[in-house]
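Here the structure is laid out as structure tokens; the discussion comes afterwards.
The values are calculated or read from the model by the stated rules, or taken from the named source; none is laboratory data. None of these values were measured; they are calculated from a predicted model. In this analysis, Cβ positions are derived from the backbone assuming ideal geometry, glycine residues included, and neighbour counts consider all displayed protein chains. With ligands, DNA and RNA removed, areas are computed over all heavy atoms of the protein, side chains included. Shrake-Rupley method; radii C 1.70, N 1.55, O 1.52, S 1.80 Å.
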Amino acid sequence: FLGAGKPPMYGDYEAQRHWQEITYNLPIRQWYFNTSDNNLLYWGLDYPPLTAYHSFVCAYIAKLINPDWVALHTSRGHESQPHKLFMRTTVFVADLLVYIPAVIFYCFSLKETSAKKKASTCALCILLYPGLILIDHGHFQYPLSLGLALWAVLCLSHDWDLLGSVAFCLALNYKQMELYHSLPFFCYLLGKCFKKGLKGKGLVLLAKLAGTVLLSFAACWLPFGTDVEQIMQVLRRLFPIDRGLFEACMFSSPTHCPDKVANIWCSLSVLIKIKNVISPRTQLKLSFAVTFLSLLPACIKLTVQPSLRGFKFALVSCALSFFLFSFQVHEKSILLVSVPVCLVINEIPFMATWFLLVSTFSLLPLLLKDGLLLPYAVTAPAFLAVCLASFSILEKTSAEDLQLKAFSLSLKGYLSWFKAFPRIVRSLFLLSLALMGTLSVLSAAAPPPQRFPDLFPVAVAVVSCLHFLLFLVYFNVVLLWDSKNRGQKKIS
């Protein structure tokens with residue numbers, strides 16, 4: 001894993017272990033504060049309270065097995081095979097208890113996949129998505145926030161709005177990056193209240209939802225709620241805006257290859273050194289403005305015409321907008337887009353498969369640094385093979401299969417080449433696969449030119465970003481041209 005045996009930070013594995021050490025040995029009031037026992041510069045906690053509580057539970061179990069694993073100070077940098085097995089087991093258990101059941105129940109609840117064979121096929125494809133497998137188990141990242149968000153989607157699809165609100169609040173209080181999904185949840189439920197009428201049932205539902213959210217947050221933050229300074233310190237740790245727009249995506253060093261993120265800011269920085277031209281405060285304002293404008297069409301559509309299908313596509317569109325344009329984006333954040341894409345793989349198998357392959361490819365520089373080339377080389381082609389066999393994706397490239405029929409009808413007479421659309425899309429897909437395969441081989445095997453040591457990581461980021469921009473346009477078109485009540489239950 002990345003950073004193994006390399007002081008002073010040792011890598012993400014050590015980050016997860018260190019959080020267990022801190023939460024077990026220190027009182028709650030010190031978890032997010034810089035003290036002699038808690039140096040925030042050394043993997044200080046920067047996730048919401050539920051992550052800290054989960055670390056404490058894992059630490060309690062670790063203490064029973066081997067106290068040295070979480071001993072204060074002396075356990076720093078601890079690396080051993082038994083502890084690695086323990087850490088990987090905790091990730092697998094989180095998968096087994098939260099994420100995997102959510103996927104299975106979701107797939108078997110889909111009307112479009114009512115047959116058990118189709119539902120199991122859909123679940124298999126989602127569970128084999130290589131990006132999540134490689135990051136969760138190769139990077140020691142727990143899937144709890146994504147799993148809880150999936151449970152929230154499942155609850156909303158059964159009209160269990162209050163339970164869904166609780167599940168999403170828990171997801172948001174586990175990782176603040178769930179803000180990527182927050183606006184679709186808000187807009188869908190608000191639109192539902194509007195449809196029911198804000199002078200009757202809608203007002204009652206709105207009051208219940210507001211109360212549920214407040215109570216859920218209060219329960220999660222209760223240990224910190226007695227002191228305003230405690231709350232403010234946690235928030236400062238969760239949203240460190242002073243670090244600047246390029247905390248995780250700088251193309252600045254000629255000798256060191258920092259994390260390359262496939263978003264618009266990092267890609268533009270190849271041509272324009274934004275951090276040298278625009279002040280940090282202006283960067284923040286620019287990022288907020290562009291993100292907000294890119295989110296607006298989907299959010300308005302979902303609020304005015306709330307539907308479950310629109311809700312799922314809005315989750316994809318809004319999360320992708322956040323990834324491309326928002327502040328301090330990490331390359332792993334693409335998983336927050338990929339999981340909603342998994343939710344519509346049964347509806348648009350071709351485009352969903354294509355996106356999921358690109359999202360995995362965008363993680364290549366990180367995977368190479370983690371020593372995960374072989375797992376990447378195995379899981380990505382295997383995922384493609386399963387999707388080809390399960391959905392026959394190359395046969396589903398017509399405008400209707402891609403949910404673009406309404407859009408194509410609106411362009412009838414203007415685009416004569418639309419009849420050739422399926423063939424063009426298949427050709428672009430095969431070209432994309434060839435490009436990603438070539439860059440993967442070059443990144444793994446070829447030495448970069450001395451003059452451009454970061455050539456391959458930058459190429460991966462820029463190529464992925466261009467793909468994501470096209471996908472953003474596509475998902476917005478599907479959402480905005482969606483028929484008002486297509487295949488949806490009436491909201492009354």
**Prompt:** Going by the structure shown, is V103 within 21 Å of the chain's Cα centre (by Cα) and either in a loop (DSSP other than H, G, I, E, B) or closer than 30 Å to A123 by Cα (or both)?
**Reply:** yes
**Complete:** Across (1) in contact with a strand residue (DSSP E or B) (Cβ under 6 Å, 6 or more places away or on another chain); (2) in contact (Cβ under 8 Å) with a residue 60 or more places away in the chain, I22 clears everything bar (2)
**Request:** Restrict the check to segment 69-76 and report whether at least one residue is part of a helix (DSSP H, G or I) and closer than 20 Å to W31 by Cα.
**Result:** yes
**Request:** State yes or no: is I104 surrounded by 14 or more Cβ atoms within 10 Å (Cβ to Cβ), modelled with pLDDT of 95 or more, more than 16 Å from Y10 (Cβ to Cβ) and β-branched (V, I, T)?
**Result:** no
**Residues satisfying the stated conditions in segment 307-321, i.e. open to solvent by 10 Å² or more (accessible area, probe 1.4 Å) and either modelled with pLDDT of 95 or more or among the polar types (S, T, N, Q) (or both)** = K312
**Prompt:** Can A314 be described as more than 19 Å from the chain's Cα centre (by Cα) and either farther than 18 Å from V103 by Cα or assigned to a helix (DSSP H, G or I) (or both)?
**Reply:** no
**Asked** Taking the stated definitions as given, is Y13 over 24 Å from D370 (Cα atoms) and of a type outside the set (A, V, I, L, M)?
**Response** no
**Request:** Return yes or no: is F418 touching a Lys or Arg at 6+ places or on another chain (Cβ under 9 Å), assigned to a helix (DSSP H, G or I), in the same structural domain as F323 (by the TED database) and modelled with pLDDT under 95?
**Result:** yes
**Complete:** The residue from L110, L150 that alone is open to solvent by less than 60 Å² (accessible area, probe 1.4 Å), at negative phi and either among the polar types (S, T, N, Q) or under 16 Å from the mean Cα position of the chain (by Cα) (or both) is L150
**Message:** Only one of F56, F33 is under 27 Å from the mean Cα position of the chain (by Cα) and open to solvent by 20 Å² or more (accessible area, probe 1.4 Å). Can you tell me which?
**Reply:** F56
**Asked** Got a sec? Which of A289, A262 is among the aliphatic types (A, V, I, L, M), out of contact with any Gly (no Cβ under 7 Å at 6 or more places or on another chain) and either at pLDDT below 85 or part of a loop (DSSP other than H, G, I, E, B) (or both)?
**Response** A262
**Hits in segment 36-47 (condition: among the small types (G, A, S) and either open to solvent by 40 Å² or more (accessible area, probe 1.4 Å) or in contact with a Pro (Cβ under 9 Å, 6 or more places away or on another chain) (or both))** = S36
**Prompt:** Of all the residues that make up segment 435-473, how many are modelled with pLDDT of 95 or more and either of a type in the set (S, T, Y) or assigned to a loop (DSSP other than H, G, I, E, B) (or both)?
**Reply:** 3
